[in-house]
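Q: Got a structure here, written out as structure tokens. Questions coming.
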Amino acid sequence: MRGKRARRTARPTGTGASRRRVREPQLERTRSRAGSVVAATTGMLGVSSTRRAAVLAIVVCALALTVVVPLRNYVAQQQELAAVSEQQEALAAEVDELRRERTRLADPAVIAAEARSRLGYVAPGETPYVVQLPEPPDAETVEDPFLTEPWYRRLWRDVSEGPP
């Protein structure tokens, strides 16, 4: 017992951090399949550095996947919200235009003018006049080739026939 006590008191006294023993990486010797000795360093808790890197890569991938899916959903919802907001603004503008049209058509004089122009209504006692334009001439009755034949055909005919 005295030997153990002596060792304990032989340690330097100070903060708790200095009392702790820091474990440094140890060199493990293992045999590979070829039979040669392979050295691998082990870190804390006896785990090799390649295993730590693999675990770290898996943790990073898991974190990335947990962040990417909600972020993608958020961006999609923001785009959908912007599209719906734009559609709502367009519909609100159309409603305003229809309200202005309704107030404009509330006037009986506007309704009468629309009926005259669109439907050809005539008030009692008025004499209606209908202007009829002459019909365009038919292609069979026209004898002037300059009116019926395009210029490039006339040119080709003149070139291909030669001088008169």
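The values are calculated or read from the model by the stated rules, or taken from the named source; none is laboratory data. Computed from a prediction, not measured in an experiment: that's the story for all the values here. Because the Cβ atoms are built from the backbone with ideal geometry, glycine has one as well, and the counts that use them run over all protein chains shown.
Q: Residue check: is residue 62 out of contact with any Gly (no Cβ under 7 Å at 6 or more places or on another chain), loosely packed, with under 10 Cβ neighbours inside 10 Å and modelled with pLDDT of 90 or more?
A: Considered against the rule, which asks whether it is out of contact with any Gly (no Cβ under 7 Å at 6 or more places or on another chain), loosely packed, with under 10 Cβ neighbours inside 10 Å and modelled with pLDDT of 90 or more, residue 62 comes out as no.
Q: So is residue 135 surrounded by fewer than 10 Cβ atoms within 10 Å (Cβ to Cβ), modelled with pLDDT under 85, out of contact with any Leu (no Cβ under 6 Å at 6 or more places or on another chain) and not aromatic (Phe, Trp, Tyr) or not?
A: Yes; evaluated as a whole, the condition is true for this residue.
Q: Within region 99-108, is there a residue that is at pLDDT below 90, outside any helix (DSSP H, G or I) and surrounded by 10 or more Cβ atoms within 10 Å (Cβ to Cβ)? Break it down stepwise before answering.
A: Filtering region 99-108 down to residues at pLDDT below 90 leaves none.
No, region 99-108 contains no residue that is at pLDDT below 90, outside any helix (DSSP H, G or I) and surrounded by 10 or more Cβ atoms within 10 Å (Cβ to Cβ).
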